[in-house]
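Undergrad: Before anything else, here's the structure in question.
The values are calculated or read from the model by the stated rules, or taken from the named source; none is laboratory data. Predicted model only: the values in this text are computed from it and were never measured. Note: ideal-geometry Cβ built from the backbone for every residue, glycine included; neighbour counts use all protein chains shown. Surface areas here come from the heavy atoms of the whole protein model, side chains and all, with no ligands, DNA or RNA. Shrake-Rupley method; radii C 1.70, N 1.55, O 1.52, S 1.80 Å.
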Amino acid sequence: MTPYTVYPGSTLIVTPRYYGSIDYYAAIAAHEHSVVDYGTRYDKRLKSTHRTTIADVNGELSLTMPLTKPGGTHSGALTWRDMEISSHGEWWNVHRVALESAYGRTPFFEFYIDRFLPVLRKSVIDEFRTLEAVDSYLDRNVRELLNLPQPLVEPEGIITDLRREKAPAYPAEPYYQVRASRLGFIGGLSILDLLFNLGPEASLWLRDHVHRHFK
C-alpha cells in the first residue's frame, strides 16, 4: 500500500488516458492496485484516451492526439491497443507550443517537461506509433512523479471496474495556479496542471484530496 491508499486489497480497472485528469489519478491512487486495459473495444466517444485539457492563458484548452485505424481492420473488432497515432496537423508541435505557453512560467515546468518531450517531437510517429505506446509512456512517468505504483498486468483482490464510467469527480480544493489571480481557479484539468504548478507537493495535495473524498 501507499500513503494514498483508501481501499486496501483492491484493484481499479480503467481505460487509458492521454495526460489523464486529476480525477483519474485520484481514483487510481485511492486503490491499492490498478490495471490499464488497452484491450477494451475502441469507442470513438471516449475522447479522453487521446485528449487532455490544460489551463492556457485564456482558460481551458483541449489538446487532441489524432488517431488512425490500422489498414484492413474492421471497426467492430478494434481495441484501443490497435489504434495508431496520426501525423495529422503535426499535433506534437501544437501540443508542445501549447504546453510551453500555458506552463512555461510555472515553478516546475523546466524540471518536468523533459520527461514528456519524447512524445512532443516528430519522431513520436516512428518511435511510439500506437496510442498504447504513447499513453503507457505518459502514465508511467506521471506515476513516477506522484510516487504511485505502476499498473498491474492482471487485477488482484476486490475489483472496481471504471472502464465504462468516468472517474469520480469531486470539487477540487484550490491549489496554486500561475494565472489564478486573473482567471480564477480552474478545476478538472490534466494532471500536468497539478505537477507543473506544485512540483513535489503535487503528491501531498493529491493524497489529501483522496483521503478527503474517497471513503
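Undergrad: I'd like the residue in the stretch 201-213 that is open to solvent by 10 Å² or more (accessible area, probe 1.4 Å) and either of a type in the set (D, E, K, R) or in contact (Cβ under 8 Å) with a residue 24 or more places away in the chain (or both) and, out of all such residues, is farthest from residue 6 (Cα to Cα).
TA: Among residues in the stretch 201-213 that are open to solvent by 10 Å² or more (accessible area, probe 1.4 Å) and either of a type in the set (D, E, K, R) or in contact (Cβ under 8 Å) with a residue 24 or more places away in the chain (or both), the one farthest from residue 6 (Cα to Cα) is 201.
Undergrad: Restricting attention to the stretch 105-118, report how many residues are in a helix (DSSP H, G or I) and not aromatic (Phe, Trp, Tyr).
TA: Going through the stretch 105-118 one residue at a time, the tally reaches 6.
Undergrad: Under 6 Å between Cβ atoms, which residue pairs at least 6 apart in sequence (or on different chains) link something in the stretch 151-168 that is closer than 23 Å to residue 22 by Cβ with a partner that is assigned to a loop (DSSP other than H, G, I, E, B)?
TA: Close Cβ pairs (under 6 Å, with a partner that is assigned to a loop (DSSP other than H, G, I, E, B)) amount to 163/15; 163/37; 163/40.
Undergrad: Does residue 60 qualify as being among the charged types (D, E, K, R) and surrounded by fewer than 16 Cβ atoms within 10 Å (Cβ to Cβ)?
TA: yes
Undergrad: Under 6 Å by Cβ, and 6 or more places apart or on different chains, what pairs join a residue from the stretch 32-52 that is farther than 21 Å from residue 155 by Cα with one that is among the basic types (Lys, Arg) and surrounded by fewer than 20 Cβ atoms within 10 Å (Cβ to Cβ)?
TA: none
Undergrad: To continue, here is another question. Quick check on residue 45: is it more than 18 Å from the chain's Cα centre (by Cα), part of a loop (DSSP other than H, G, I, E, B) and surrounded by fewer than 19 Cβ atoms within 10 Å (Cβ to Cβ)?
TA: So residue 45 fails the test.
Undergrad: Ok, one more. Looking only at the stretch 124-141, how many residues end up being in a loop (DSSP other than H, G, I, E, B) and either open to solvent by less than 60 Å² (accessible area, probe 1.4 Å) or touching a His at 6+ places or on another chain (Cβ under 7 Å) (or both)?
TA: 1
Undergrad: Out of 81, 96, 121, I need the residue that is in a helix (DSSP H, G or I), open to solvent by 50 Å² or more (accessible area, probe 1.4 Å), farther than 20 Å from residue 144 by Cα and in contact with a Phe, Trp or Tyr (Cβ under 7 Å, 6 or more places away or on another chain). Which one?
TA: 81
Undergrad: Then there is this: Restricting to the stretch 99-118, name every residue that is farther than 22 Å from residue 135 by Cβ, without any contact (Cβ under 8 Å) to a residue 12 or more places away in the chain and either open to solvent by 70 Å² or more (accessible area, probe 1.4 Å) or under 16 Å from the mean Cα position of the chain (by Cα) (or both).
TA: 110
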